[in-house]
Amino acid sequence: MPKDYLLNDIAKIVKGELTGNAEVVGTISHLLIDSRKINSTDNCLFFALVSKKNDGHKYISELYKKGIRGFVVSELPDVSAFPDAGFITVKNTQRALQQLGTFHRKRFDIPVIGITGSNGKTIVKEWLYQLMYEDKKIVKNPKSYNSQIGVPLSVWQMNTDHELAIFEAGISEPEEMDKLQNIILPTIGIFTNIGQAHEENFIHRDQKIGEKLKLFTKVETLIYCSDHLEIKERILSSEIIRNIPQFTWSKKNSGNLLINLINKGNKHTVISAIYKDENISIEIPFIDDASIENAIHCWATLLFLNYQNNIIAERMKLLQPIAMRLEMKEGINGCSIINDSYSSDINSLSIAIDFLNQQKQHVKKTVVLSDILQSGRNDDDLYSEIAELLTKKGITRVIGIGNAISKQKDKFKIDKEFFPSTDSFLSDFIISSFNNETILLKGARIFKFEKISKILQQKTHETVLEINLNAIVHNLNYFKLRLKPETKIMAMVKAFSYGSGSFEIASTLQFHKADYLAVAYTDEGVELRKAGITLPIMVMNPEEQSFDALLKYNLEPEIYSLRIFNVLEEHLKNHLKKDETQVVNIHLKLDTGMHRLGFEKDNLENLINKIKENKNICIKSIFSHLAGADDSELDYFTRQQIETFRHLSELLISHIEYPIMRHILNSAGTIRFPEAQFDMVRLGIGMYGIASGNEQNELQNVSTLRTIISQIKYVPANDSVGYGRKWIADSGKTIAVIPIGYADGLNRRLGNGKGKVMINEQLVPIVGNVCMDMCMVDITNIMAEENDEVIIFGDEYPVTNIAEDLDTIPYEILTGISQRVKRIYFQE
């Protein structure tokens, strides 16, 4: 069913006031909340959402220029500036989005499964889809769109072709679920479990359970595990919920589905149960407890829906893991590979393309796309929309794989190739022809795109550094919320972004509206420019021989002495033609007490005179560097530095006619000295997840260094391990060899018991001297096998622990990770 909402209809639904030209908008088909993620300008309605981090009203002019004509706002702009646009003014734009979702949901009379809980919501939703898509046309949340904004956007997808809906709902504080319940209106409820997530926003666990149960106040049946006693007791004590029919499963109490045996093998688990006095069983290709619980939730749901157990058992064997993240890896011939095996539908395709478009390192962008399965739409309409999406998103080439997409190849107006199967693509396509491009792999699981991914990835050893781009954004926003709205952010991406990467991190920061970047050397800035980074970039250590490149790529040097200022002046004099008016932005560094680089007070008069005389040089900012912002014992000195900076910068500014930004705070200073924000702050290690004191609990880990066990061997008592026989076994030991050494960045001082790694959630010591390419660990007291994962540092074992072992700082550990270690970037 094409959506038939006119702007006037939506104004009535959301109780808003309509202003401007409503007719030009036409019928609304697409809802937009992010100005950076436009799928189509036609028939599109933008909701100007307002949050602590951002205000959508700032982007109305930009969107209007791009062709958007419909807007829902809480502050009406000057409509004369937008003569061909229609505006709906409401009190709260997020609430209006929810009201529209609520109205749209009520137009459909189909079964709707609503899922909530602390963990497993997305897995259960996706597995239910895998188990039932052959029988029904299903609509569901794309990825984990389960929030106050994600749920109405998910419900908006519903059309008359759908026979079943599956929506998950997540909350982080009280009174949120009431709104989601009105939007989803589930007829069947699934409560997965209860855990610690978002516990800080609730008075106690019982309150959180009660809030989540609000999703099920009008369901016809509630499905849950009665072994979760907190959930069971809260249901029994609830006036609203306890009389709702329930379908329960249990491993120890009575229930509709009584689990009596869970038998784990090497890669599969057999689950046996009694249902309606009959013995039944399923087998799943997982052995972890979370997957077993999620699978039983799905089993119970299908039994309730009257599926025969022999059908359920056949399909359970084929359950696929859910990769809830987009991964970007280095590929062959200078390519970047984005692998999204999460799901194959047009909504997740759009999300993946948005991630692709954040990456600016390659001009050429290729999408390898399989058939879209079980969309509930006819192929003509579906692939017409996909073709239009690829064109509007600037995709250079599409490679279609599958019979359905191949039949629709005429719809695609960009460079294209089509193959009936993955195997035919691998046999007939010249893989080496991929060159210096970003490649998005987006395929339904039956097409086995992992074969393509494996061939396209650059071959490296098993040690990888994973970079969580969501964590970078979380940490950036954490600091943003502590700044005045007008304070700008300079993000430090020097030293290969503290070991995390260069253009990949810079692209994320640019996408999420950082104001400035800072690099150590000119060549780092040049590489970012070549990768498509357009943000202003400050170069902290400009070298005389690099000034040509610095000017060519519009980089802005830090000027810290009269000598380097004179060098810049001389360079401009020699390279600018007579009367040429090129202006170079510079950043003046003042020495306020650290005594590293920077102008001192005695230099300022001479500097001011030089600046006044040279019209080709513009001071963009004045800044200084704090010596001990993270150390409370040095607060007296930090405040002294801030006052010195205030005085010297005011002296400079008083002689300059144009506005100049000022900044002195680093990550720690931003938190501890908010009164000294000036015009901008510089975020460094804090953005990468490292802080001191209580702030560490608020930040998310960005980097995980992981490898595998290459070999396991037994070492008898009194035998040695490693070079120089520095470690002797005091008894028989089981030793694991792992492929990481000091050439990868594993400090040699961590050998012989000083350092540790984590294997199967247990810490084990490094024994013997660390070798160039590998090291050995003692796994005598743990269960482990060859090829098991090894965590060097990450969420489970923070990099700060290694820094403590070495009596150093996390900076040294992170920046020491070798370039030969493969970086994998992912976004949830």
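The values are calculated or read from the model by the stated rules, or taken from the named source; none is laboratory data. None of the values given here were measured: they were computed from a predicted structure. Cβ placement follows ideal geometry from the backbone for every residue including glycine, while neighbour counts extend to all protein chains displayed. All accessible areas refer to the heavy atoms of the entire protein, side chains included, with ligands and DNA or RNA removed. Shrake-Rupley method; radii C 1.70, N 1.55, O 1.52, S 1.80 Å.
Here is how the numbers come out for the structure above:
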read-out: Where a residue in region 33-47 is more than 17 Å from L390 (Cα to Cα) and modelled with pLDDT of 80 or more and its partner, wherever it lies, is open to solvent by 10 Å² or more (accessible area, probe 1.4 Å) and small (G, A, S), with Cβ under 6 Å and at least six apart; value: N43/G26; N43/S29
read-out: Index of the failed condition, K610 passing every other in (1) outside any helix (DSSP H, G or I); (2) surrounded by fewer than 21 Cβ atoms within 10 Å (Cβ to Cβ); value: (1)
read-out: Among (1) surrounded by fewer than 21 Cβ atoms within 10 Å (Cβ to Cβ); (2) within 25 Å of T808 (Cα to Cα); (3) modelled with pLDDT of 95 or more, the one test that D679 misses; value: (2)
read-out: Unique residue being hydrophobic (A, V, I, L, M, F, W, C), open to solvent by less than 20 Å² (accessible area, probe 1.4 Å), over 30 Å from L509 (Cβ atoms) and in contact with a Leu (Cβ under 9 Å, 6 or more places away or on another chain) when the list is L705, L746, L750; value: L750
read-out: Within region 307-326, tally of residues that are part of a helix (DSSP H, G or I) and not acidic (D, E); value: 7
read-out: Hey, V398 at pLDDT 95 or above and hydrophobic (A, V, I, L, M, F, W, C) or not; value: yes
read-out: Residue within region 500-520 that is modelled with pLDDT of 90 or more, in a helix (DSSP H, G or I) and within 28 Å of S35 (Cα to Cα) present; value: yes
read-out: Any hit, region 357-370, residues being in contact with a Leu (Cβ under 6 Å, 6 or more places away or on another chain), at pLDDT 85 or above and β-branched (V, I, T); value: yes
read-out: Which numbered condition T89 fails, given (1) farther than 16 Å from I149 by Cβ; (2) touching a Lys or Arg at 6+ places or on another chain (Cβ under 6 Å); (3) modelled with pLDDT of 95 or more; value: (2)
read-out: Residue that is farthest from L229 (Cα to Cα) [pool: residues in region 258-271 that are under 38 Å from the mean Cα position of the chain (by Cα) and open to solvent by less than 60 Å² (accessible area, probe 1.4 Å)]; value: G265
read-out: Test: residue in region 414-426 that is open to solvent by less than 70 Å² (accessible area, probe 1.4 Å), over 25 Å from the mean Cα position of the chain (by Cα), hydrophobic (A, V, I, L, M, F, W, C) and over 24 Å from Q457 (Cβ atoms); value: yes
read-out: Pick from region 212-229, criterion at pLDDT 90 or above and either within 31 Å of the chain's Cα centre (by Cα) or in a helix (DSSP H, G or I) (or both), ranking: nearest to S291 (Cα to Cα); value: Y224
read-out: Close pairs from region 466-489: first within 18 Å of D679 (Cβ to Cβ) and open to solvent by 20 Å² or more (accessible area, probe 1.4 Å), partner in a helix (DSSP H, G or I) and modelled with pLDDT of 90 or more, Cβ under 7 Å, at least 6 apart; value: R482/T670; R482/I671; R482/P674
read-out: L814 vs. criteria among the hydrophobic types (A, V, I, L, M, F, W, C), under 30 Å from the mean Cα position of the chain (by Cα) and open to solvent by 40 Å² or more (accessible area, probe 1.4 Å); value: no
read-out: Qualifying residue in region 773-792 (condition: in a strand (DSSP E or B) and closer than 26 Å to V493 by Cα); value: yes
read-out: Lone qualifier among N339, N294 - being surrounded by 22 or more Cβ atoms within 10 Å (Cβ to Cβ) and not in a helix (DSSP H, G or I); value: N339
read-out: Contacts under 9 angstrom Cβ, first residue in region 624-641 being over 30 Å from I586 (Cα atoms), partner polar (S, T, N, Q), 6 or more apart; value: D631/T638; D631/S692
read-out: The lone exception for A803 - which of (1) open to solvent by 70 Å² or more (accessible area, probe 1.4 Å); (2) without any contact (Cβ under 8 Å) to a residue 40 or more places away in the chain; (3) touching a Pro at 6+ places or on another chain (Cβ under 8 Å) it fails; value: (1)
read-out: Qualifying residues in region 715-753 (those that are of a type in the set (V, I, T) and more than 37 Å from the chain's Cα centre (by Cα)) - the one nearest to E812 (Cα to Cα); value: V721
read-out: Checklist (1) modelled with pLDDT of 90 or more; (2) open to solvent by 30 Å² or more (accessible area, probe 1.4 Å) applied to T581, failing item; value: (1)
read-out: Entirely in region 1-100, the strands (runs of 3 or more DSSP E) that have 2 or more residues that are open to solvent by less than 20 Å² (accessible area, probe 1.4 Å); value: 44-47, 70-73, 86-89
